[in-house]
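Structure first, then comments.
The values are calculated or read from the model by the stated rules, or taken from the named source; none is laboratory data. Just so you know, these numbers come straight off a predicted model, no measurement behind them. Note that each Cβ is placed from the backbone with ideal geometry, even for glycine, and that neighbours are counted across all protein chains shown.
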Amino acid sequence: MSYVIGVDLGTSAVKVLLLDRSGAVAAEASRDYPLYHEHSGWSEQRPDDWVTGTLEAIRELVAEAGIPAGEIEGLSFSGQMHGLVLLDAEGKPVRNAILWNDTRTTAECREIEALVGKERLLTITRNPALEGFTLPKILWVRKHEPDVFERAVSFLLPKDYVRYRLTGAQHMDYSDAAGTLLLDVANKRWSGEMLEAVSLPASFAPPLVESHALTGTLLPEQAAAAGLSEGTKLFAGGADNACGAIGSGILREGLTMCSIGTSGVILSYEKDSGNDFRGKVHFFNHGKENAFYAMGVTLAAGYSLSWFKNAFAKGESFDELLDVKPGAKGLLFTPYLVGERTPHADSVIRGSFVGIDGSHERVHFARAVMEGITFSLNESVAMFREAGKTVDTIISIGGGASNPVWLQMQADIFNADVVALENEQGPGLGAAMLAAYGCGWFDSLEACAERFVKRASVYKPEPEAVRAYEGLFRVYRDVYASTRALNEGLQAYR
């Protein structure tokens, strides 16, 4: 037997999966690590906490599986996007990592727009300047912590730092590099124009590689700590959304993914860089070589439902959701609890319940929250369709794929077949698939997906619900414009 490991480096924990050649999960383990919020809007982590957590989780994984270390051929990574790890000349972090959900960099986003121009920025990077991206974080450190920045000679993203510590070699794959605002996305190279505009040397950016590229083997001390062989191969891996797409089989035109975790994502495969959404949705390099994907983001997807349950309905299962018709008796919810990303890049907007009357019970609010999250995701689906893309089959993963009521709701609101997977492991599975492909188990990622990605059930849109939701969605799309000024007025009181 032989095995591969997928490492999913998330925001709150690292999860590792051990898969055999059939795609079956032989073992899994995870480790949490802390987040640091020193000021409002700040979100940081210690890079070495990721390394320690990853090594401990792998060691537990190997022990649980009870297999010889030599049977594990390789491992690869999925990582939280955009996070900044600045390194000194010795390869050590000069400060904590600044994460994707850190919002301190609004001024730096405007600075990038002024230096490059909004239209030119979209032409090169295919994305607007947003607080979550990496380049604004680099400029923030340079401006506010000049003594710290003076020691920095290069940068990595979170999973790339972990891999560097395990192999001693620095690389970055295209799918993660696409979220930095420094990559020429269409031409797959660091943009000299962007680097020059923000006065960064070319040496500041690490070498670029494909997601399935072999980047080295384990250093002796790290192999001992992980319980693996020194000959274990490490492959570059990809951004979490790219790996989620691979792990869902989104590897050809016509397939779309819906991922509902803390945030929510609608991701659609793009065979080339031809479609130009002009920044209305994100456009990134795929983990599959020479492919791309377009992606819309709802910042508070699963988080909105968790917030509602914790605040108003602890311990309730809401089994009676089945008895509530689409529309929750005329109650609408917008999931803007932490601002919004797609299609409204707005850090000030906040959520709303609209249409409350005395007949509404908690179950109506719960259904409205689930519908509001799905309406927000449907704004991205609508933009894809408006751009001429066919969206008729959507693979659903994450928390939203564990609830049959929510899966049917997705089918009705998206007006598409929604597919739940048998072995839904998200980005961790995609990372393991990159390792399997890199090890030569398959001649393509598509062939790997045929073995590893197993469909469980399909939810078909119900015509009556589709008609109801089409009308409700038109109302939903008006709520943002109607509440924007109100939220700007409330900002001073938060």
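Taking segment 411-464 on its own, how many of its residues are touching a Pro at 6+ places or on another chain (Cβ under 6 Å) and either more than 17 Å from Thr393 (Cα to Cα) or assigned to a helix (DSSP H, G or I) (or both)?
Within segment 411-464, the subset touching a Pro at 6+ places or on another chain (Cβ under 6 Å) is 411-412, 415.
In the following step, the residues that additionally are either more than 17 Å from Thr393 (Cα to Cα) or assigned to a helix (DSSP H, G or I) (or both) were identified as 411-412.
Residues flagged as touching a Pro at 6+ places or on another chain (Cβ under 6 Å) and either more than 17 Å from Thr393 (Cα to Cα) or assigned to a helix (DSSP H, G or I) (or both) within segment 411-464 amount to 2.
For segment 62-79, which residues satisfy the criterion of being out of contact with any Cys (no Cβ under 6 Å at 6 or more places or on another chain) and buried (at least 24 other Cβ atoms within 10 Å of the Cβ)? Break it down stepwise before answering.
First, pick out the residues of segment 62-79 that are out of contact with any Cys (no Cβ under 6 Å at 6 or more places or on another chain): 62-72, 75-77, 79.
Across segment 62-79, the qualifying residues are Ile72, Leu75, Ser76, Phe77, Gly79.
From the list Ala225, Ala245, which one is touching a Phe, Trp or Tyr at 6+ places or on another chain (Cβ under 9 Å) and not in a loop (DSSP other than H, G, I, E, B)? Lay out the reasoning, then the answer.
On the way: Ala225 fails: touching a Phe, Trp or Tyr at 6+ places or on another chain (Cβ under 9 Å).
From the options Ala225, Ala245, the qualifying one is Ala245.
Leu234 - would you say it is within 30 Å of Pro68 (Cβ to Cβ), in a strand (DSSP E or B) and not hydroxyl-bearing (Ser, Thr, Tyr)?
Values: within 30 Å of Pro68 (Cβ to Cβ): yes; in a strand (DSSP E or B): yes; not hydroxyl-bearing (Ser, Thr, Tyr): yes.
So Leu234 fits the description; yes.
Among the residues of segment 96-108, is any at positive phi, at pLDDT 95 or above and touching a helix residue (DSSP H, G or I) at 6+ places or on another chain (Cβ under 9 Å)? Walk me through it before giving the result.
In the first step, residues of segment 96-108 are kept if they are at positive phi; the result is none.
No.
When you look at Asn290, is it over 22 Å from Ala382 (Cα atoms) and assigned by TED's automatic domain parsing to the domain that holds Gly426, yes or no? Show your work before the answer.
On the way: over 22 Å from Ala382 (Cα atoms): yes; assigned by TED's automatic domain parsing to the domain that holds Gly426: yes.
Here the answer is yes, as Asn290 does meet what is asked.
Enumerate the helices (runs of 4 or more DSSP H) found wholly within segment 154-218, keeping only those where 1 or more residues are among the small types (Gly, Ala, Ser) and either out of contact with any helix residue (DSSP H, G or I) (no Cβ under 7 Å at 6 or more places or on another chain) or farther than 26 Å from Glu270 by Cβ (or both).
174-177, 192-197
Going through Leu75, Leu19, Leu61, Leu55 one at a time, which residue ends up being closer than 30 Å to Arg451 by Cβ, in contact (Cβ under 8 Å) with a residue 60 or more places away in the chain, assigned by TED's automatic domain parsing to the domain that holds Thr217 and not in a strand (DSSP E or B)? It would help to see each step written out before you state the result.
Details: Leu75 fails: not in a strand (DSSP E or B); Leu19 fails: not in a strand (DSSP E or B); Leu61 fails: in contact (Cβ under 8 Å) with a residue 60 or more places away in the chain.
From the options Leu75, Leu19, Leu61, Leu55, the qualifying one is Leu55.
Among (1) aromatic (Phe, Trp, Tyr); (2) more than 27 Å from Tyr336 (Cα to Cα); (3) more than 23 Å from the chain's Cα centre (by Cα); (4) assigned to a helix (DSSP H, G or I), where does Tyr480 come up short?
(2)
Taking the criterion of being of a type in the set (A, V, I, L, M) and surrounded by 17 or more Cβ atoms within 10 Å (Cβ to Cβ), would at least one residue in segment 315-324 satisfy it? Show your work before the answer.
Of all residues in segment 315-324, those of a type in the set (A, V, I, L, M) come to 321-322, 324.
Then drop every residue that is not surrounded by 17 or more Cβ atoms within 10 Å (Cβ to Cβ), which leaves 321, 324.
Looking for residues that are of a type in the set (A, V, I, L, M) and surrounded by 17 or more Cβ atoms within 10 Å (Cβ to Cβ), one finds at least one in segment 315-324, hence yes.
What number goes with the only condition from (1) under 29 Å from Ser76 (Cα atoms); (2) polar (S, T, N, Q); (3) not in a strand (DSSP E or B) that Gln408 does not pass?
Among (1) under 29 Å from Ser76 (Cα atoms); (2) polar (S, T, N, Q); (3) not in a strand (DSSP E or B), the lone unmet condition for Gln408 is (1).
On the given criteria, is Glu316 within 20 Å of Gly261 (Cβ to Cβ) and charged (D, E, K, R)?
On the way: within 20 Å of Gly261 (Cβ to Cβ): no; charged (D, E, K, R): yes.
No: the conditions fail for Glu316.
Yes or no, residue by residue, for (1) assigned by TED's automatic domain parsing to the domain that holds Gly216; (2) in contact with an Asp or Glu (Cβ under 8 Å, 6 or more places away or on another chain); (3) within 29 Å of Ser22 (Cα to Cα):
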residue	(1), (2), (3)
Val453	no, no, yes
Ser457	no, no, yes
Val466	no, yes, no
Glu470	no, no, no
Val475	no, no, no
